[in-house]
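Visitor: Okay, handing you the structure first.
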Amino acid sequence: MEHILKKQKENISILSIINWLAKEIDEVISQNTDNKLLNQRAVRYILLALSVEDGVTQNDIVRVTHLKGSTISIALDKMINGGLVVKKDDSYDKRAFRVYLTDEGLKLKRQVDGIMEQINQKAMKGIVKRDEDASFYVLFKMIENLTEK
C-alpha cells in the first residue's frame, strides 16, 4: 500500500487518507475480537458514543455518530439482543428512552479501548509530539469546518 500512496501523493486528498485509516482501524478491530457485532460500523460508533456518555437518547447517538436514525435503530436492536445495551424510559420525556451499556457492553468497550490503544501506538510510531499535536489541530479544525452551519 505504501508504494501506492507514494505514487499518488500529489493526487490523493487528506480525506482519502483519513478514509483509508478508518478502514484499516475497522479491519484491525474486527480481526482482534470474537464479537461479530463489532463487524458493523454502526455498532462500533454507538459503543464509542456510549463510552463517552452513557444513558443518552437515540437522537443524541444520531447527532454524535452522523448516522441515520434507521441505521442506529437497527444497530441498537442487535446490540440489545447481543446483551450489550439496554433501553430505559427517559424520566423527563415519556416519549423517549435512554440507552445504557450493560456489564457485557462495558467489557466489550474495554476490549475495544485496548485494541485502539495498540493501534494508536503502532500508528504514532516515529512521529514526534510536535507533529502529533499539529495533526490533532488540523483534524479538529477540519471537523469544525465540516460541522459548521
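Visitor: Considering only the range 51-58, I want to know if a residue exists there that is assigned to a helix (DSSP H, G or I) and closer than 22 Å to PHE140 by Cβ.
Guide: Checked against the condition, which is being assigned to a helix (DSSP H, G or I) and closer than 22 Å to PHE140 by Cβ, the range 51-58 yields at least one hit.
Visitor: Also, quick follow-up: Looking only at the range 34-77, count how many residues are over 15 Å from the mean Cα position of the chain (by Cα), farther than 24 Å from LYS149 by Cβ and crowded, with 16+ Cβ neighbours inside 10 Å.
Guide: 1
Visitor: For the range 125-145, give me the residue count where each residue is in a loop (DSSP other than H, G, I, E, B) and not hydrophobic (A, V, I, L, M, F, W, C).
Guide: Result for the range 125-145: 2.
Visitor: To continue, here is another question. From the list ILE29, ILE46, ILE119, ILE61, exactly one residue is in contact with a helix residue (DSSP H, G or I) (Cβ under 8 Å, 6 or more places away or on another chain), hydrophobic (A, V, I, L, M, F, W, C), modelled with pLDDT under 90 and in a helix (DSSP H, G or I). Which is it?
Guide: Unique residue meeting the criteria: ILE29.
Visitor: If you go through the range 68-108 one residue at a time, how many are among the small types (Gly, Ala, Ser) and over 13 Å from THR57 (Cβ atoms)?
Guide: The total comes to 5.
Visitor: Which one is modelled with the lowest pLDDT, of the residues in the range 83-108 that are touching a helix residue (DSSP H, G or I) at 6+ places or on another chain (Cβ under 9 Å) and over 15 Å from GLY55 (Cα atoms)?
Guide: Per the criteria, the residue is LEU108.
Visitor: Checking SER73 against (1) in a helix (DSSP H, G or I); (2) at pLDDT below 90, which test does it fail?
Guide: Failing condition for SER73: (2).
Visitor: Filter the range 83-118 down to residues that are exposed (fewer than 14 other Cβ atoms within 10 Å of the Cβ) and hydroxyl-bearing (Ser, Thr, Tyr), then give me how many there are.
Guide: 2
Visitor: A further question on this structure: Among the numbered criteria (1) surrounded by fewer than 16 Cβ atoms within 10 Å (Cβ to Cβ); (2) modelled with pLDDT under 85, which one does ILE80 miss?
Guide: So ILE80 meets the others, but not (2).
Visitor: Is one or more of the residues making up the range 96-110 within 19 Å of ALA22 (Cα to Cα) and assigned to a helix (DSSP H, G or I)?
Guide: yes
Visitor: Right, another one. Could you tell me whether the range 65-76 includes any residue that is without any contact (Cβ under 8 Å) to a residue 40 or more places away in the chain and closer than 12 Å to GLY105 by Cβ?
Guide: yes
Visitor: Next question, about the same structure. Between residues in the range 122-147 that are of a type in the set (A, V, I, L, M, F, W, C) and residues that are assigned to a helix (DSSP H, G or I), which pairs lie under 7 Å by C-beta distance while being six or more apart or on different chains?
Guide: Close Cβ pairs (under 7 Å, with a partner that is assigned to a helix (DSSP H, G or I)) amount to MET124/GLU132.
Visitor: For ILE119, indicate whether it is among the aliphatic types (A, V, I, L, M) and under 18 Å from GLN31 (Cβ atoms).
Guide: Yes, satisfied.
The values are calculated or read from the model by the stated rules, or taken from the named source; none is laboratory data. If you're wondering where the values come from, they're calculated on a predicted model, not measured in any experiment. Cβ atoms come from the backbone with ideal geometry, glycine included; neighbour counts cover every protein chain shown.
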